[in-house]
Every structure is written in C-alpha cells, then in structure tokens.
1. Given the -39500 (n - 2.57) contribution per DSSP H run of 4+ residues, what per-residue ellipticity at 222 nm results for the chain, rounded to the nearest 500 deg cm²/dmol?
2. So which GluC sites (Glu not before Pro) in the stretch 154-198 pass both tests, a DSSP loop state and at most 11 other Cβ atoms within 10 Å of the Cβ?
3. Please give the contour-minus-distance gain from ASP292 to GLU58: 0.36 nm per residue of separation, less the Cα-Cα distance, rounded to one decimal in nm.
4. Among SER77, HIS193, GLY238, flag the residue with its Cα farthest along the positive direction of the charge dipole of the chain, charges on Cβ as +1 for Lys/Arg and -1 for Asp/Glu.
5. Dipole magnitude of the stretch 1-51 about its Cα centre, charges +1 at Lys/Arg Cβ and -1 at Asp/Glu Cβ only, in debye to the nearest 20?
6. Using the alpha carbon gyration tensor of the stretch 131-273, what are the three equivalent-ellipsoid semi-axes (square root of 5 times each eigenvalue), largest first, in whole Å?
7. On alpha-carbon atoms, Rg over Rh for the chain using Kirkwood Rh?
8. Write out the trypsin sites (Lys or Arg not before Pro) in the stretch 126-201 meeting two conditions: DSSP loop, and at most 12 other Cβ atoms within 10 Å of their Cβ.
Amino acid sequence: MSLVIVGSVAFDTIETPKIRRERIVGGSCSYSSLAASFFTNPKIVAVVGEDFPSEVIEFFKAKGVDTQGLEIKSGKSFHWEGRYGNDPNIRTTIRTELNVFKDFRPQLLPEYRRADIIFLGNIDPDLQEDILAQAQNPRLTAMDSMNLWIENKPKSLLRTLRKIDVFFANDEEIKMLAQDLNLIRAGKKLLEHGPSLIVIKKGEHGALLIGKDYVFGVLAYPCEEVVDPTGAGDSFGGGFLGYLDKVQSFTEKDIRKAAVFGSVMASFAIEDFGIERFNSLSIQEIGKRFSDFKKLVSF
Ligand code: AMP
C-alpha cells in the first residue's frame, strides 16, 4: 500500500470571531497527510522555506508520514491568511503569500512513482497533470481544486480531470465547473469528463458522493463548537484516501465507508486550530466517532 499526497505545507494566519492565531502550521498537504496517517503511511510532495520549524517535520515523521518528498528551499514558506465570521462556512481570504510555493514544480521521487494512490491537492491543474505523467500506473488518482483554477484555467482543469478517478470540490465549485445550478445534475455532468466519482464537499452539511450508478450522502459530525474550520476538506480527502489505501479495495461498499472516515477526520480537524487536534488524537477516538456516525443514520 502507498499513498502519495501533493499540496501545500504552509503557515496560516487564522481569525475567527473569538481568536486570532498567527503563522500556525497549515496547508492542504499537512491536513491531508496527517488525517491519512491514522490509516497508512502517506508520502508527501511539497515545498517549505528555511523558516519552517524542523520540529514540525519531526512531528510529521512521528505520525508515520514519509517526508522525503518535502523540499526545503531557501526563502520563506507559503503563508495564507483567512478570516471567518459568525458563519464558519464562509471564509474570506485576506492574503496569500506564495513565497517558495511560487516556483513549486513537484517531482516524484523514484519510489513515489509506483504509488497505488495519488492525491493531488489543490494546486495549478497544469502541475497536477505533470505529476500524473510521472506516476507509473497508479490504481487510483484523486484531485482537489478550487474556484481560482475553475475561473482562470478551466481548460487545463478539464484536461487533467480526464485522467482522474476521484474529483473533490465544494458544491459551489461543482456547479461553476459544470455550469449547472442543480448540484446532482452538475455532479453527473462532471462524471462525463473522466472521473468515476465526484465527491462534493458541503461544509457543515457533510458530503455527497456521485458515482456512475449510485449517490451516497454522508453527514458532517454534529459538532457543537467549531474552533477552526480550516482544513476540513483536506482532512476529509486524507481520511477518505488513507482508508482506501489501507484496505486496497475500491468497491462501492469501501468507498461509502471511506467517506464516513473522511467525515470523521474532518470533524476532528475543526476541533482545534490548524493541525493541532491531530497531535492528541487516538485510533480509539476515531473508532468511537465512526460508531457514532453509524448511530446517527440508523433507523
Ligand atoms: P481547506 O480548508 O480544506 O479548504 O484548506 C485550507 C488550507 O489550504 C490552508 O491551510 C491553506 O494553507 C491552504 N491554501 C489556501 N490557499 C491555497 C492555495 N492557493 N494553494 C494551496 N494551498 C492553499
């Protein structure tokens, strides 16, 4: 089993109505790989600057994340700043300082090329396509994207989508890319562009999976207090693909179970700032929450 995750490892400055935290560790690859690390040993491909703390890299390693593909370049790490108002589903990007991420040209190390699963976090779709060209027959490929690329590089995005099995995006992005205001129709339209599964992230309402011949909905865990919603989507992707890498089976039954594990990992990520909740999280807590999800929907 092997899962390669490509994306950002970053400093995030987060402001919620209650607290502001400066330069805490974030980035799509950080959240996804830590969430996946509870199921498998993900290999990461990312870049940081010399300002990135070595203790954090040691923390990733201690969690079983293979950091050989994490490049350390001279310069500053990627820094993103976001603000949440009273509605945790709505966030405003205050600034994005790309720094060393600007020239990020992800290269797969020889042993990474033989990965079973490749997860392309939200980066330029041309770079995502380039990574796919370096991989040798992965069993499953997945990608995330965002409105920036849908607006600015729709052709590249649709070209890359042709080579992808699982596409993750939020509901607004799915509608925008498919140019259809009905979410189900929009998801089904995107299936015609290549993927066999569209995973629509719906924030506090969970996620909707649209496969070739099934639709599956998974709730978000009913959290009474959301501390920091950042990274929920990436943690969902990490939990989802980490589970699939562990079981090495992509049947509809396993896909459904993977989606519940995705939602479980997202629900933990938002309980604390940045990646902090993954520090104390135990396998037992994950198992307990998985059972809670079962109870939530059984009748
Ligand atoms: P999520 O909340 O799951 O959508 O992901 C939030 C993470 O995405 C934050 O930790 C940011 O560091 C990271 N991020 C924000 N903008 C970008 C970008 N343009 N490229 C790569 N990562 C980004």
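Only the coordinates and a few stated rules stand behind these numbers; no lab work does. Owing to the predicted nature of the structure, the values given are computational and were not obtained by experimental measurement. Ideal geometry is used to build each Cβ from the backbone, glycine not excepted, and the neighbour counts take in all protein chains shown.
1. About -11000 deg cm²/dmol.
2. GLU192
3. Between ASP292 and GLU58, full extension yields 81.0 nm more.
4. With unit charges placed on the Cβ atoms, the residue in question is HIS193.
5. I would put it at about 180 debye.
6. Output for the stretch 131-273: semi-axes of 23, 18, 15 Å.
7. Reported Rg/Rh (Cα atoms, Kirkwood Rh): 0.93.
8. Answer by residue number: ARG162.
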